1. Mind checking which lysines have their Cα closer than 25 Å to the Cα of K190? Skip sequence neighbours fewer than 8 apart in that chain.
2. Beyond a 20 Å Cα-Cα separation, which of these cross-linked pairs lie in this structure: K293/K448; K388/K448; K387/K464; K67/K448?
3. For the pair L441 and Q455, how long in nm is the line joining their label points, each one 7 Å along Cα→Cβ?
4. Full extension from D75 to V355: what is 0.36 nm times the residue separation minus their Cα-Cα distance, to one decimal in nm?
5. Given the Cα-Cα distance of L4 and N95 and 0.36 nm per residue of separation, how much length would full extension add, in nm?
6. Once the dipole of the chain is set up with Lys and Arg at +1 and Asp and Glu at -1 on Cβ about the Cα centre, which of L233, F197, N399 lies farthest towards its positive end?
7. Please identify the DSSP H helices in the chain that span no less than 18 Å along the helix axis (Cα) and have a mean Kyte-Doolittle hydropathy of -1.0 or more.
8. Gain in length, K384 to Y430, computed as 0.36 nm per residue apart minus the alpha-carbon separation, to one decimal in nm?
Amino acid sequence: MNELAISYDTSIPNNVGLSDDRRLLKALQKWHPNYLSWWQSMGPEGFQDSMVYLRTAVGVDPKGWAKFDYVRMPDYRWGILLAPRDENRTIPFGNHLGEPVWQDIPGEYRSMLRRLVVIQGDTEPASVEQQRFLGATAPSLYDLRNLFQVNVEEARHLWAMVYLLQKYFGRDGREESEDLLVRRSGDEDKPRMLGAFNESTPDWLSFFMFTYFTDRDGKMQLESLAQSGFDPLARTTRFMLTEEAHHMFVGESGVSRVIQRTCEAMNAAGISDPNDIENIRALGVVDLPTLQKKANLHYALSLDLFGSEISTNAANAFSAGIKGRYHETKIDDDHRLLDSTYPVLKMVDGKPTLVDEPALTAINMRLRDDYTADADKGLGRWNKVIKKLGVEFSFTLPNVAFHRAIGEFANIQASPAGTIIDEATWVANYDKWLPSSDDNLFITSLMKPCHEVGQYANWIAAPKVPINSQPGDFEFVRIAA
Ligand code: BYC
Ligand code: FE
Ligand code: FE
């Protein structure tokens with residue numbers, strides 16, 4: 001079988017030989033209508049009959065894996081695609097270091113793997129649910145198309161995890177697959193599993209911040225799972241990462257375009273003080289301090305997705321060879337972490353302090369540090385846009401102790417600068433650090449659809465980067481009447 005090509009000989013495009021595995025094919029075909037009814041009821045609201053200029057994966061060859069064409073979203077070909085198999089691959093870390101990777105699940109690690117696959121799978125449809133009302137207020141057809149591109153691909157990521165569950169976890173896997181369609185983002189009785197995926201994504205600034213910060217947690221987690229000794233998981237997540245890059249691009253370029261528009265409007269109006277909020281807002285653009293507050297919120301929510309700084313779950317998954325570290329094979333150490341340490345930020349005598357801890361239990365902390373470094377780079381690029389336009393302002397990531405719900409800092413309050421503060425100080429200041437109800441009202445007031453070809457809402461600049469060489473005035477969505 002040519003793993004680089006996709007077969008279309010069943011209703012589910014795939015490069016996993018589905019037509020030779022009747023049992024699995026049957027299980028997936030049984031799940032498929034339930035999936036479609038989830039998409040119809042919880043996927044993008046409206047636009048289901050519109051023709052959207054979408055990228056569809058048609059192979060896994062890094063040199064050319066996608067084609068672009070107009071598709072109605074319900075007709076999108078959600079496929080099962082795994083990166084090509086490397087016959088000589090060995091487990092790159094943990095107690096089984098150097099052994100050939102597993103093509104099947106070792107019995108002793110079954111429940112650990114199942115939990116990780118289910119958690120990963122849960123986040124994908126959750127994000128689609130969170131974003132389902134955004135189409136109505138899209139600032140352009142270009143942005144509308146990008147939203148739907150992200151949505152169909154997150155839904156494909158659900159397929160990726162459901163494939164693993166149904167192929168390798170038997171009856172349990174089939175039950176978990178059904179449950180993935182039952183939980184709902186933000187639902188009181190059946191919420192999604194992780195905190196950030198039960199928050200709402202009420203406006204386009206949230207969407208851009210989410211795809212910048214939260215999809216980047218996705219990248220880090222998928223990179224760690226891409227190292228897995230369970231080869232089907234590694235290969236699945238590797239291909240997901242190919243799609244993931246676009247999601248973070250949508251976030252980074254989206255925020256960048258908002259910044260650009262704000263600075264240009266300030267310059268045109270002769271406003272130099274970025275804190276002259278009232279006059280800046282009167283121009284119908286988003287003041288930079290409000291964007292910083294949005295970034296504070298989404299960064300803090302995303303940090304929570306790394307779990308506790310010290311975690312035996314993470315240590316066990318590493319030792320078992322199930323979940324590695326970011327760029328595991330490029331790290332210069334023993335890849336077993338038997339007696340090394342890692343500096344962990346902990347509360348000591350009421351102050352955040354770096355303490356050396358066994359590296360094995362500090363895996364989550366390490367990944368979170370790698371995430372922070374990765375996330376910080378985009379802020380540097382945003383700041384360049386501001387500087388170039390001559391405005392004096394720069395974005396900074398808040399301290400990791402700020403506004404946390406998981407781990408060392410869950411029970412304290414800290415300022416964005418990282419000073420531990422009492423409850424009264426927090427209450428007196430949080431509207432300065434996080435979007436206030438006034439800020440949200442203002443943002444909501446800007447969220448009017450701009451669905452004219454080649455037009456962009458006043459608060460966002462036209463894009464610089466085309467989609468598949470199509471410029472900003474291309475008809476990215478043909479909206480059905
Ligand atoms: N919310 O040992 P601990 C993506 C629970 S995003 C609620 O500290 P562990 C995407 C934890 O479950 C990537 N509960 O943590 C992005 C545990 O509970 P149990 C998604 C939380 O297990 C955008 C207890 O606290 N993928 O793809 O080392 C759009 C103690 O846990 C949270 C993954 O996350 C929380 N935030 O690490 C679309 C990869 N944090 O089991 C998609 C798979 C912790 O004791 N998941 N808890 O009842 C994992 O690797 C790990 O489960 C976590 C947590 C990193 C999430
Ligand atoms: Fe995803
Ligand atoms: Fe994503």
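Since every read-out is calculated from the coordinates, none of them should be taken as a lab result. No experiment lies behind these values; they were computed from the predicted model shown. Because the Cβ atoms are built from the backbone with ideal geometry, glycine has one as well, and the counts that use them run over all protein chains shown.
1. The qualifying lysines are K30.
2. Values: K293/K448 22 Å; K388/K448 29 Å; K387/K464 18 Å; K67/K448 31 Å.
As for pairs spanning more than 20 Å Cα to Cα, those are K293/K448; K388/K448; K67/K448.
3. Distance between the two pseudo-spin positions: 2.8 nm.
4. Going from the current span to full extension adds 95.5 nm.
5. Details: separation 91, 0.36 × 91 = 32.76 nm, distance 3.18 nm.
Full extension from L4 to N95 adds 29.6 nm.
6. Sorting the options by dipole projection puts first L233.
7. On the way: long enough: 22-42 (29 Å, -0.90); 110-130 (30 Å, -0.33); 141-168 (40 Å, -0.06); 231-269 (57 Å, -0.21); 288-303 (22 Å, 0.01); 363-388 (39 Å, -1.06).
Those that pass (Cα extent of 18 Å or more, hydropathy at least -1.0) are 22-42, 110-130, 141-168, 231-269, 288-303.
8. Working: separation 46, 0.36 × 46 = 16.56 nm, distance 2.76 nm.
Extra length available between K384 and Y430 comes to 13.8 nm.
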